[in-house]
Amino acid sequence: MFPNSTRDIPATRDVPRHVAIIMDGNGRWARGRFLPRVAGHRKGVEAVRGIVRACIERGVEYLTLFAFSSENWRRPADEISILMDLFLRALEQEVTKLHENGIRFKIVGDMTRFDVRIRDLIAAGQTLTAGNTRLTLTVAANYGGRWDIAEAARRYFAIHPDAARDDAGFRPEALEPFLSMAYAPEPDLFIRTGGERRVSNFLLWQLAYSELYFTDELWPDFDGAALDAAFAWYRQRERRFGRTSEQVQAAGNA
Ligand code: IPE
Ligand code: IPE
Ligand code: MG
């Protein structure tokens with residue numbers, strides 16, 4: 001199991017081990033160019049390629065990208081169908097390349113609402129890349145942080161039906177193995193592009209002690225230099241995890 005930031009304190013590093021990103025601003029990027037929103041989503045897929053490469057070069061071990069939230073089903077039907085089409089094509093075209101680059105590919109979210117072709121490609125991609133160790137790339141699709149926690153509780157109580165009656169027995173840590181990202185440490189750095197300062201039901205549990213970085217840059221413009229700026233900001237943070245600054249300094253930040 002990985003350290004839990006409310007129980008253990010992770011080691012401090014210059015480069016975040018786990019980066020989680022809300023890729024926002026595709027629509028506004030397109031609107032600014034008098035293009036249809038789909039052009040922004042296409043450019044957004046290109047930005048993903050660049051950031052995956054940049055993360056590998058910088059030694060990031062886990063990259064988690066929010067691609068479609070459980071609330072995004074509220075969008076117009078034509079935009080949803082374009083997004084599903086882009087998702088399908090990206091899966092068809094990119095998974096082999098991810099594998100060639102030693103990337104482990106994971107999806108988190110409720111897959112039941114996706115077309116069977118998408119579900120099959122996801123299953124095949126996850127199996128193909130399961131043994132890779134260079135970077136774990138997780139795409140959150142039809143994901144919601146509240147869904148994740150509720151689902152973990154549901155699965156926990158299915159296995160431990162008596163735990164609800166056990167006053168002392170149920171602790172937050174009990175849910176962790178059942179959360180969708182149990183295979184990864186908690187994000188060190190959260191990035192949201194596109195100017196909004198909200199979490200939009202992304203990794204609610206896992207962001208408990210992440211450093212939160214917000215930038216006005218729109219996702220299609222977010223490149224290696226923009227990532228470096230986020231990392232430079234991250235290096236200036238003092239991660240106290242509840243301690244005082246004096247304690248952190250005495251412990252050599254560890
Ligand atoms: C993020 O860009 C991509 C998805 C949510 C799929 P948006 O589509 O939200 O872009 P804006 O916020 O309208 O600019
Ligand atoms: C959040 O973006 C979800 C993704 C980037 C996939 P939105 O643009 O949908 O977020 P809200 O609804 O404006 O908060
Ligand atoms: Mg948006």
Residue 35 surrounded by fewer than 20 Cβ atoms within 10 Å (Cβ to Cβ) and either more than 10 Å from ligand 1 (Cβ to nearest atom) or part of a helix (DSSP H, G or I) (or both): yes
Top-ranked residue of region 54-70 - restricted to ones that are open to solvent by 30 Å² or more (accessible area, probe 1.4 Å) and within 16 Å of the chain's Cα centre (by Cα), ranked as nearest to ligand 3 (Cβ to nearest atom): 67
Given (1) under 17 Å from the mean Cα position of the chain (by Cα); (2) modelled with pLDDT of 95 or more; (3) away from ligand 2 (no atom under 15 Å from the Cβ); (4) not hydroxyl-bearing (Ser, Thr, Tyr), index of the condition residue 32 fails: (1)
Verdict on residue 199 being within 15 Å of ligand 2 (Cβ to nearest atom), among the aliphatic types (A, V, I, L, M) and either part of a helix (DSSP H, G or I) or open to solvent by less than 70 Å² (accessible area, probe 1.4 Å) (or both): yes
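For every residue, the table says whether it meets (1) surrounded by fewer than 17 Cβ atoms within 10 Å (Cβ to Cβ); (2) on the phi < 0 side of the Ramachandran plot; (3) in contact (Cβ under 8 Å) with a residue 24 or more places away in the chain.
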{"position": "160", "(1), (2), (3)": "yes, yes, no"}
{"position": "163", "(1), (2), (3)": "yes, yes, no"}
{"position": "178", "(1), (2), (3)": "no, yes, yes"}
{"position": "194", "(1), (2), (3)": "no, no, yes"}
{"position": "210", "(1), (2), (3)": "no, yes, yes"}
Residue in region 82-133 that is nearest to the chain's Cα centre (by Cα), counting only those that are part of a loop (DSSP other than H, G, I, E, B) and surrounded by 15 or more Cβ atoms within 10 Å (Cβ to Cβ): 109
Some residue of region 3-23 being surrounded by fewer than 20 Cβ atoms within 10 Å (Cβ to Cβ) and in a helix (DSSP H, G or I): no
Qualifying residue in region 166-177 (condition: in contact with a strand residue (DSSP E or B) (Cβ under 8 Å, 6 or more places away or on another chain) and among the basic types (Lys, Arg)): no
Residue 194 in a loop (DSSP other than H, G, I, E, B) and closer than 22 Å to residue 59 by Cβ: no
Residue within region 215-225 that is over 23 Å from residue 57 (Cα atoms), surrounded by fewer than 18 Cβ atoms within 10 Å (Cβ to Cβ), hydrophobic (A, V, I, L, M, F, W, C) and more than 16 Å from ligand 3 (Cβ to nearest atom) present: no
Enumeration of residues in region 140-150 that are open to solvent by 20 Å² or more (accessible area, probe 1.4 Å) and in contact (Cβ under 8 Å) with a residue 40 or more places away in the chain: 146, 147, 149
Filter pass, residue 44 being within 11 Å of ligand 1 (Cβ to nearest atom), outside any strand (DSSP E or B), at pLDDT 95 or above and touching a helix residue (DSSP H, G or I) at 6+ places or on another chain (Cβ under 9 Å): yes
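The values are calculated or read from the model by the stated rules, or taken from the named source; none is laboratory data. If you're wondering where the values come from, they're calculated on a predicted model, not measured in any experiment. Neighbour counts are summed over all protein chains in view; Cβ atoms, including those assigned to glycine, are modelled from backbone coordinates with ideal geometry. For the accessible areas, the whole protein counts, side chains as well, though only heavy atoms, and no ligand, DNA or RNA atoms are used. Shrake-Rupley method; radii C 1.70, N 1.55, O 1.52, S 1.80 Å.
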